[in-house]
Structures are given as structure tokens and as C-alpha cells.
Amino acid sequence: MRSQHPVFFITIVCIALIVKGCGGTTQVLSEESFPELLAPSRAFYAVIIFTPEFSNYVARPSSKTSLSIGSAQENIMRKTFSALFDTVDFFDSEEKIEQAPDIIIHPSVVESQIAVPSQNYLNVYEIWIKYNLKLTDVEGNLIDNWFMPVYGKTSDSFMLQKEKAIGSATRAALRDIGAKLSLDFYRIPSVERHLREKSGRS
Amino acid sequence: MPLVINCILIFILTACNTTTTIDEYRSFDEGVTVSSEETIALLGRRDAGHYETDDEFVACVGDKLRSLSLNVLPERRLIDALYPWLEPRTAPKGLLRMRQLIQEPLINKAITERGIRFLIWLDGSTETLDRNGSISCAAGPGGAGCFGFATWDKASVYEAIVWDLSDVSEVARVRVDSEGTSYLIGAIAPIPLLTPVKSDACKGLSSQLEAIFN
């Protein structure tokens, strides 16, 4: 067999890398730790149900992108709800609830979207994650289904690897959970009404 | 051959020019005295839809101020310390909202514990305005190379607004505009001649801030 010139192999490797870079799947693993929230807690007892599906959630905002955000979204929600309520318990199913809480919160992901520079004509990557917080009382009566969209973008995609840029935008979107809940959770009219009734009874 | 090298060197030395313009507004003429117990915090604006003040620029201004022996709190530490009140969704856009925030006992405590007296908002971006020329690269079994000539103009526009958190007032406002042209020459190997537009904007803005804090 005739020996090949080393440049030939280098060229093949370069072409393979370019083809991989253009057509590959971006996987973002977000295992971030988040800071503690500065938010005044209220004297209520809440139970948060993190189902295994939520805790291991992998978002697929496009056919080429998957975001493993399950543990990171659980982490930030744990911190947020711990700051918003005086007493909080976290379970993976409702059957494990022992004491009667004032409110039960079931978070789930409805959908996720991504926008890349070739779509938005900007040098930024953007991520939207839409959550649904199903809020029930201890008897299982629905208080509300509250849809909570969160958003994050990178500062600049120039010279950033696509994976890093999407990871950065995802982290920003997950941090937005804390901001959105701190601002709006107690402003949800049905929650405000329900908790007012609870505090009136006690 | 030495002639070619000389030509390239002359080109490098003369071509990459940057123009920096500084507009300054201060609410009073005297500088501000910062004691050794007081800290300056820097924060980039990130609420605009089409751009974000990049971390790199904020860190550059922070490093310049730190070199004057001022206590400067890194941006990330400030954002984490006051989380979630300095996120793009929640960050105060004006003094009125800042006054409301600072009245919250938890936020006030976090600011006081860190000795933060001045908050500098940095807002702006560096954009590519115009591109001309083209450069193409090719690779084959016999070798690889780039040929052509490309230029692009970049402009940096940044504004710094200084808030005094002791009485929640605006102390000063400084703006810097910086423009420059960069070149890329393809002569087998690509030779970039980059104009440090953002770096010049950082230097310009930092020198104005240095004049404010004495």
C-alpha cells in the first residue's frame, strides 16, 4: 500500500471537524449552583413536588440542541421557594406529604425555545423556558395553573463556542426563575386570595 | 524581502488608528472622596433586547479602578450578593426604584455589610459598522493558504452612571465613543491587524472615572 502524505491526513481531519461542527448536536449540561435569594419569606407552609421527570428533564428546543436542565432547575426552585416561604418541604410525589400544607406546588416544563444568531440576526443566543406551576390546596383543589416564562441570553456570541454560548444563555434563563418568582409569585391574584384566606383562618 | 517586511511594519504602525471621544457630565464639579472602608460596585446594563454590556468591559473598568487602590467589588459577586434584584428583569433602571429596593431590610443589610457606597452602571456595546473586501482560504493535499484583503470598522459607545447609595443620588455621568478600523491581510497566512476599539473605550472611560474618585 502506498504511504500517504501527512498533509493529506491533516486535511481529512480538518474537513471531518468542520463537518462535525456544522451538523452536530449541542448538549448543554447545566449543573450550576445558584446564590441564595434575598427575599422576605412569608409565614406559610408549602410543599413542592419535584417529579422524577422534572428533576431529570432534558429540554430539546431544536432538533440539534438538548439542554440537561433538570437538576439545575430543581436547585434554583428549591432555593427560591425556601426563601419565599417560612417552611417548605420537597417531595417527589404527593403521597409522601405528612402534614397539611397551605399550598402544594407542582412545577413542570411546558416548552423551551432557542434563537441563534442565524435566526435573530443578532450576535446573541436566546433561550426561553415556559414553566407551569400547578397550585393546589391540601385537598387537591386547583388554585391556579400559573404559566411562568423565563428568558436568558448571552452577552455576545462572537468567538464563543456555540455550546458555551447556549450554556450561558441557559444559566441566565434559570437565574430568571428566581427573579420572576420573587417579583410575581405573591402577586398572582388566586394565590394572594388563597393565602389570605389561610392566614385569616389560622 | 526586507522591503516587504518594512512595508508591512509601516502599515501596522500607521493603519490601525482609533479615535476616542469622551463626553462628560457631572452633577457637581468636585471629585468624590472614597474612604478605605467604602467599596465601589460595577454593574453592566443587560436589559436591552439587542445587546448586552459585556462582562469583559465591566471587568476591564474594574481592573483600572482597582489599580488606583480603590475597593472595587467584582460584578458577579455583587449580582450574586443581591440576587435576584440585579438580574435583567429586576435591576433598577432609575433612582426611584433603587430607593425602593434599598429600603428593603435584606437588601440594605447586604449593601451595608459589603460597604458598598458607589454603584457604577456601565451601559453600551461594541459593534461592527462596516465591512469591506474579502478573504478566502483553501486547503488541499498540497497545502493551505488564505488570500485577499478585508477591512471592518468597529465602534464602541459606553456610558457610565455613578450612583451614591448613601443618599441614593446621581453623582456623575460619563460617556465615551471610540471608533477604529481593523484589517485582515491574506498572504498565505492570515495576518490580522486589529484596532483595540473596546480597550481604548475602557481606558477612556476609566480615566474619567479616576478623575471623579480621588
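For A:P101, the stated conditions do not hold, so it cannot be described as in a strand (DSSP E or B) and not hydroxyl-bearing (S, T, Y). Scan segment A:157-180 and give yes if some residue there is crowded, with 19+ Cβ neighbours inside 10 Å, in contact (Cβ under 8 Å) with a residue 24 or more places away in the chain and in a loop (DSSP other than H, G, I, E, B), otherwise no. Yes; the residues of segment A:157-180 include at least one that is crowded, with 19+ Cβ neighbours inside 10 Å, in contact (Cβ under 8 Å) with a residue 24 or more places away in the chain and in a loop (DSSP other than H, G, I, E, B). Evaluate segment A:126-138: report whether one residue or more is of a type in the set (A, V, I, L, M, F, W, C), touching a His at 6+ places or on another chain (Cβ under 6 Å) and farther than 23 Å from B:G124 by Cα. Within segment A:126-138 (the criterion being of a type in the set (A, V, I, L, M, F, W, C), touching a His at 6+ places or on another chain (Cβ under 6 Å) and farther than 23 Å from B:G124 by Cα), the answer is no, since none of the residues qualifies.
Hey, among the residues in segment A:130-140 that are part of a strand (DSSP E or B) and open to solvent by less than 30 Å² (accessible area, probe 1.4 Å), which one's farthest from the other protein chains (Cβ to nearest Cβ)?
Among those residues, the one meeting the criterion is A:T136.
Given the options B:R89, B:R117, B:R99, B:R46, name the one that is open to solvent by 20 Å² or more (accessible area, probe 1.4 Å), part of a helix (DSSP H, G or I) and charged (D, E, K, R). When all the criteria are applied, what remains is B:R99. Which residue pairs have Cβ atoms closer than 6 Å, lie 6 or more positions apart in sequence or on different chains, and pair a first residue in segment B:186-201 that is among the acidic types (D, E) with a second residue that is open to solvent by less than 50 Å² (accessible area, probe 1.4 Å)? From residues that are among the acidic types (D, E), the pairs are B:D200/B:T18; B:D200/B:S178.
Screening A:I127 against (1) more than 11 Å from chain B (Cβ to nearest Cβ); (2) open to solvent by 10 Å² or more (accessible area, probe 1.4 Å) leaves a single unmet condition, (2).
Scanning segment A:187-201 for residues that are surrounded by fewer than 19 Cβ atoms within 10 Å (Cβ to Cβ) and away from every other protein chain (no Cβ under 14 Å) yields A:I188, A:P189, A:S190, A:E192, A:R193, A:R196, A:E197, A:K198, A:S199, A:G200, A:R201.
Conditions tested, residue by residue: (1) on the phi < 0 side of the Ramachandran plot; (2) within 12 Å of another protein chain (Cβ to nearest Cβ); (3) modelled with pLDDT under 95.
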position	(1), (2), (3)
B:D55	yes, yes, yes
B:L68	yes, no, yes
B:E104	yes, yes, yes
B:K109	yes, yes, no
B:I116	yes, no, no
B:S125	yes, yes, yes
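Of the residues making up segment B:161-210, just one is among the basic types (K, R), out of contact with any Ser or Thr (no Cβ under 6 Å at 6 or more places or on another chain) and buried (at least 19 other Cβ atoms within 10 Å of the Cβ), namely B:R175. If A:Y151 satisfies every condition in (1) open to solvent by less than 50 Å² (accessible area, probe 1.4 Å); (2) in contact with a helix residue (DSSP H, G or I) (Cβ under 8 Å, 6 or more places away or on another chain); (3) without any contact (Cβ under 8 Å) to a residue 60 or more places away in the chain but one, which is the exception? The number of the failed condition is (1). Candidates are the residues of segment A:26-75 that are hydroxyl-bearing (S, T, Y) and over 20 Å from the mean Cα position of the chain (by Cα); the one that is modelled with the lowest pLDDT is A:S41.
One residue alone among B:C146, B:C137, B:C202 is under 23 Å from B:C60 (Cβ atoms) and in contact with a Cys (Cβ under 6 Å, 6 or more places away or on another chain), and that residue is B:C202.
The values are calculated or read from the model by the stated rules, or taken from the named source; none is laboratory data. What you see is a predicted model, and the numbers here were worked out from it, not measured in a lab. Cβ atoms come from the backbone with ideal geometry, glycine included; neighbour counts cover every protein chain shown. What goes into the accessible areas is simple: the full protein's heavy atoms, side chains included, and nothing from ligands, DNA or RNA. Shrake-Rupley method; radii C 1.70, N 1.55, O 1.52, S 1.80 Å.
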